[in-house]
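Derivation of every value follows stated rules applied to the coordinates shown; laboratory data play no part. Values in this document were obtained by computation on a predicted structure and should not be read as measured data. For neighbour counting, all protein chains shown are included, and Cβ atoms are generated from backbone atoms with ideal geometry for every residue, glycine included.
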Amino acid sequence: MQLEVQFRSAASPEQAKPHVRYHLWTEMTSNLQMGLGAIVESIAEGAIVKDVANRWLFANDRALELFELKGLDYRGKTDSQLMCERESCRLHLSLFAELEATAKATQTRVDRSLTLTRSDGTTAQIQVRAIPLAAPDGGAMGMAIVAEPNGANPPAIAKAGDSQTLCDFADRLPSLFWRADPTGDRPFFNRAWLAFTGRPLERERGRGWLENVHEDDRAACWENYCQGLKSGKIFELQYRLRRHDGQYRWILDIGIPQDRSRPSREAIAYVGSCVDITDSLHDSFANRQQVQDRLDNSEAKHRALVEAIPDLILRIRGDGTILEYKDAPEHAMPTLSDVQVGQHLTQAWPAAVAREAMGHIERAIASGNIQTWEYQLQIDGRWRHREGRIVPYAENEVLAILRDITDRKQALEALVRVTQAVESTTDAISIADSEGGQIYQNRAFGQLFGYPTVAEFNKEGGLPILFEDRAVAETVLGAIAEGLPWSGRVSQRSRDGRRLKVLLRVNPIEDETGQTIGSIAIATDLTERRQVEAALRNSQQKLSLHLQQTPLGVVECNLQGRILEWNPAAEAIFGYHKDEIIGRSIEVLLPVSQIDSARELWRERLEQKGGACCISENETKDGRRIICEWYNTPLIGRGGETIAIASLVQDITERVRAEQALRYQSQRERLVSATQARIRQSLKLEEILETAVSEVRQLLECDRVVIYRIMSDRRGKVMTEAVAPNQVSILGQDFDEEIFPTSCYARYRRGTVRAIADMERQHVPECLIQMLKPFGVKAKMIAPLLVESKLPHRTTQHGEPNPIAESQDGLWGLLVAHHCRGPRDWQPFEIEVFEQLSTQLAIAIQQSILFKELEVANEELHRLASLDGLTQVANRRTFNEYLDREWRRTIRDRGTIALILADIDYFKRYNDTYGHQAGDRCLQQVAQTLDRAVKRPGDLVARYGGEEFAIVLPNTSCEGAMTVVSNIRTSVRELRIAHEQSPMNWVSLSLGVVVCQPRLNSRSDRALAVADGALYEAKSQGRDRAILTFEGFGEL
């Protein structure tokens, strides 16, 4: 019974059929072959049956004698093999070749009169018939050959369809088998069918079998059955058939016409074979569900991975058609706005870029290797550098992964210019790591000190070997170790021993946290002052050139904060031209609210010696607020005093906003995830709805959130509400269908979320405005709750309305958020969150409804399992369980319990006189009368077997038991069921009654035996009476 519930809620048998069809056909074909064997053995004429490969399956003795094949092992052999084994076969079997070929080609019966030459030279005229055999699926199954001498009776294989012959061999088949006459009535079912259903042939005959087809399948089954009979062809049915235990099983039923050669307009008798496919369908569905779950998990992981990539990704066919694309974030990669699925690359990109891309696509598909290239696009008037990677993806498809490298290109170009400047200076410049090991030196360093490479310099001893005075070396190295700048004139020696006078300047290199990660040293050779000064002027000119070209803003201020230097990049960032900003205070770049904190920071910068990085909010010339990153370095004079502040600045507004948006999105997703989890914690619909409106109102910080239920007639009602304390409640309000125009329902069924920022300004139906006006709604957001219905009934088993079937084409209701404090500009992320939560809520609602339906179905199944199918009172199993439970309870309570066994008098005679159907009605009437006569909730009436009933009366004395017996006998007499074979002329009861006071270790079956003895005594004394016994089992 549990399997039936799973099929109703999961998959139809048609969906599962391809997975189980093969072995079902195999089983049915095996059964049909057994049937053919039985037919061949039973007919008098010579008969041979072959399979589709022309191998012999069966041949009766008459055929072996007629064709001189006695004693030959023919099974599984072809005509050619038999001809090789016996010479006489060559004379006879060659007659069949043309006849079989014609029958196989036309798929119709072919008759021929042939001359048979025997091995002794005599001849005989024989009539040969070739009959194609069709498999249950309509395909070829083999060939039957029937032969008899001319003038004999018609071939007996034509008679094999006669009812008695067919019934005889059908009873030997293990599969379910039936025969139908041309009217569609089924007069015969084989033993396998009757054993499977547990019902006698009389109840199945005609159309009785149809009554036990599941009520959901019955109409379609009968319609398809009738159409199959009219077609004159093999047909197939699938339906659920009830067995004797009340369980429904899925049946695959194949109907085959008995004479396919007759015109299709004539009525034809049919035979059919059936197979139980319930378990196969269940296994197929479970396997397919597991595969689907793995596919869903794999797809989700793949989608999450793709969404996490910040690049533009295109899936492109080999001919250049865009099949799919995932856009990159705008801040990470500005893109062309007209890229669409279905376009050709020549429509989305400039022709030159598209041609170049097509070449790389063709090479990637041909070679199977990734192709990489760089190109440029002009977007919003600015040239952007792109890097493209063409990855072979599927047959004749590639993935194009495109990344914007404009910033990287500019940074590399700036780095090249700086490197060129450092390499072109005459000063010896070196960079060391935090351990003092040299990691870089320019060309001038190698020329001045005689160490052409960093490796050679470190191998010789590093920085200490340059100093002539060890004390000076220790001072400089100590300053570097402490992260302090140092400058001064020192004496140093080159590798070849030359003495050099140099001006040495050493500065620490710090990371963003202020931690020293290395040092940079600049040594100026003072022995060639003029050359140095000339080189210095040249270097200054180049440095000025680099400052003009660098993408970083360069700002230099004096100690009072007046601007001294301003490069073009700073102009692009803040909007001030150099001529209008020089001499003005740095505070002009700050919002008024930031000036006090900026002054404190300025004083700290003047006191420190090293550089520092900070992020601040700034204001441009046109009043825009931007976020900038500043790297401020004090400029130290010859006396070690700070003489100015030099700053490098870049606009990081977009980066900061992107990071903030990412953090906010992550926080929002965690909040939404937690909300979704709380919504889906329960399977009870009321709890789900209460949780949903409360969580959504808290998340959106709005004044009211309601769930509006839409009925099938478009009337609606507010089922659940979460409302702010100072707002009007609309819980329980009913609304007519007129409040929503028809267009609204169409939009809602598409799953569209609508956000209304201002009820008075946006296009809102007047009827809806008037309806919401008393509730103070100024803005609102609406999301449909779409619930997929797979349940066929519009009512439950208890007759209650089905919550899903009452939906308006899947539109279960609406999730509505009201904002009453004024208009509200709903943000995109709020709409997205609202839509996500409505989707999760709809899923939770559907799960709750399905869970409720499953509970109801299981309760109904349990009820059906405990009742007798005919009389609708408790069955024998329920009686035994209840008696055992009440017996133990009576022992604990030291009480009494009464058992009554009642038997309908002369019931066999009643059946023989009035028929079994009348007998069934009599049993039903008596059972219902007994049930009504027992008044207390704890009493139980059960069908004990046949025409016998049992009644359990807990806590009942002898007087009480006999009172119930009297009521029963009176009620049965009042039924006035005529029984002419009974001495009473009416249906009456004999009753055996026992009242017990069970003791420890006593058994209820002993009491049943005593009650049965009392019943026997009542019958012996003439029936229509009751006999009572008590604990000592003495008669009272």
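Count Lys and Arg as plus one, Asp and Glu as minus one, and take only other residues whose Cβ is under 11 Å from that of C557; the net charge is then 0.
Could you tell me which of Y882, Q847, I900 has its Cα farthest along the dipole of the stretch 802-915 towards the positive end, charges placed at Cβ (Lys, Arg +1; Asp, Glu -1), taken about the Cα centre? Positive-end residue among those listed: I900. Extension gain, K326-C614: 0.36 nm per intervening residue step, less the Cα-Cα distance, totals 100.1 nm. Comparing Cα centroids, the stretch 685-700 and the stretch 216-258 end up 49 angstrom apart. For the stretch 909-1036, a crude dipole built from +1 on the beta carbon of Lys and Arg and -1 on the beta carbon of Asp and Glu, taken about the Cα centre, is about 200 debye to the nearest 20.
Could you give the distance between the Cα centres of the stretch 623-666 and the stretch 948-1021, to the whole Å? Each part reduced to its Cα centre gives a spacing of 102 Å. Of the peptides 363-371, 269-277, the order by per-residue mean of other Cβ atoms within 10 Å, starting with the highest, comes out as 269-277, 363-371. Based on the Stokes-Einstein relation at 10 °C and a viscosity of 1.306 mPa s, and on the Kirkwood radius from alpha carbon pairs, the stretch 382-449 is assigned a translational diffusion coefficient of 101 µm²/s.
Count Lys and Arg as plus one, Asp and Glu as minus one, and take only other residues whose Cβ is under 10 Å from that of A444; the net charge is then -2. Taking a Cβ cut-off of under 15 Å around D469, the surrounding Lys, Arg, Asp and Glu residues balance to a net charge of +3, with basic ones at +1 and acidic ones at -1. Sorting 838-846, 717-725 by average packing, meaning the other beta carbons within 10 Å per residue, from highest down gives 838-846, 717-725. Computed from point charges on the beta carbon alone (+1 for Lys and Arg, -1 for Asp and Glu), the dipole magnitude for the stretch 569-645 about its Cα centre is near 180 Debye.
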